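*Asks:* Before I ask anything, here is the structure I am working with.
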Amino acid sequence: MRVRPISPQLLVAELTERLAATEPAGQPAAAGQPAAAGRLRVAVDGAPAARPGELAAALVDPLRALGRPVLHVRTEDFLRPASVRLERGRTNPDAYYEGWVDEAGLRREVLDPAGPGGTGRLLTTLWDARADRASRAAYVELPPAGVVLVSGAFLLGGGLPFDVVVHLEMSAAALGRRTDPDLAWTLPAFDRYAAEVAPASFADVVVRVDDPRRPALVESVDEVV
């Protein structure tokens, strides 16, 4: 493995180029008809301190400039109701890890419609956590060859169907330093995620962000050659 320092701007440029060149699985076609272009489902996975939402948001305009329709979905807009999410208390790291995000809703309303044979009708938000009610958002069309970027924590290991996974990796020490003190109770959840899922081991792109201002790409020997 090689760790290659890279500027945030160049990271966005390289990821944009990679995603724009990635061909997702085509949509099933009727007999005698060519397959339609597929949509690309991309995970930008990382702890809040790694700023996955910022990276996903930075990819939107460059991808659109290359002619790829893009939607950005944040997992914080797909939380479960407070009565379910906080059943074991407001600061329970196991509950935070296992059940804060409505993964079934994320799959039903975003990933399956964007996948092969999907309708392309997506919800970008499902639940308003502040008001603790459904967001009542309207469905949005993601055209063929479009890209949906899903940002948030714990996106891997639960069977969610992604075509490309970008994992933002932080050492335990850096994560502890950069996590908001009010969220320090979440740190054991990220220890579990690292131990049980090892997301860097099967992500398509791994970016070290111990200092998000100075990222570094983790590349295999094959990629370097």
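*Asks:* Tell me, what HN-Hα J-couplings in whole Hz come from the Karplus equation 6.51 cos²θ - 1.76 cosθ + 1.60 at θ = phi - 60° for each residue of region 161-176, using x for Gly and Pro?
*Replies:* x, 10, 8, 9, 10, 10, 10, 9, 9, 10, 5, 4, 5, 5, 4, x
*Asks:* To the nearest Å, what is the center-to-center distance of region 1-20 and region 109-148, using C-alpha atoms only?
*Replies:* For region 1-20 versus region 109-148, the Cα centre distance is 27 Å.
*Asks:* In Å and whole numbers, how far do the C-alpha atoms of region 53-168 stretch along each principal axis, longest first?
*Replies:* The Cα atoms of region 53-168 stretch 45, 31, 25 Å along the principal axes, largest first.
*Asks:* Let me ask you something else. Hey, any idea what Rg/Rh is for the chain, computing Rh the Kirkwood way over Cα pairs?
*Replies:* Here Rg/Rh amounts to 0.97.
*Asks:* If you don't mind, there's one more thing I want to ask. Region 136-225: which trypsin sites (Lys or Arg not before Pro) are DSSP loop and have at most 14 other beta-carbon atoms within 10 angstrom? Before the final figure, lay out each step's value.
*Replies:* Working: sites: 136, 177, 178, 192, 208, 213; in loops: 136, 213.
Filter output for region 136-225: 136, 213.
*Asks:* Further, regarding this structure: Return a whole-number percent for the relative contact order of the chain, with Cα pairs under 8 Å and 6 or more residues apart as the contact set.
*Replies:* On the way: 417 pairs, mean separation 71.1, N = 225.
Rounded, it is 32 percent for the chain.
*Asks:* Sticking with this structure for a sec: Pick out, in residue order, every one of the GluC sites (Glu not before Pro) in region 64-126 that is DSSP loop and has at most 16 other C-beta atoms within 10 Å; say none if there are none.
*Replies:* Details: sites: 76, 87, 98, 103, 109; in loops: 87.
Answer in residue order: 87.
*Asks:* For region 148-225, just say rounded, prolate or oblate: build the C-alpha gyration tensor, square-root its eigenvalues into a ≥ b ≥ c, call rounded for a/c under 1.5, and beyond that prolate if a/b exceeds b/c, oblate if not.
*Replies:* Here region 148-225 falls in the oblate category.
*Asks:* From the backbone phi of region 116-129, what are the Karplus-calculated ³J(HN,Hα) couplings (6.51 cos²θ - 1.76 cosθ + 1.60, θ = phi - 60°) in whole Hz, Gly and Pro given as x?
*Replies:* For region 116-129, the Karplus-derived couplings read x, x, x, 6, x, 9, 10, 9, 8, 9, 10, 9, 8, 5 Hz, x marking Gly and Pro.
*Asks:* Kindly write out, for region 48-57 in residue order, the coupling ³J(HN,Hα) from the Karplus curve 6.51 cos²θ - 1.76 cosθ + 1.60 (θ = phi - 60°), rounded to whole Hz, with x marking Gly and Pro.
*Replies:* x, 5, 7, 6, x, x, 5, 5, 4, 4
*Asks:* Roughly what % antiparallel, to the nearest 5, for the DSSP beta bridges in region 29-157?
*Replies:* Restricted to region 29-157, the bridges split so that about 30 percent are antiparallel.
Any read-out appearing in this document is the output of simple, stated calculations on the displayed coordinates, not a laboratory observation. None of the values given here were measured: they were computed from a predicted structure. Note that we place each Cβ from the backbone using ideal geometry, even for glycine, and neighbour counts take in every protein chain shown.
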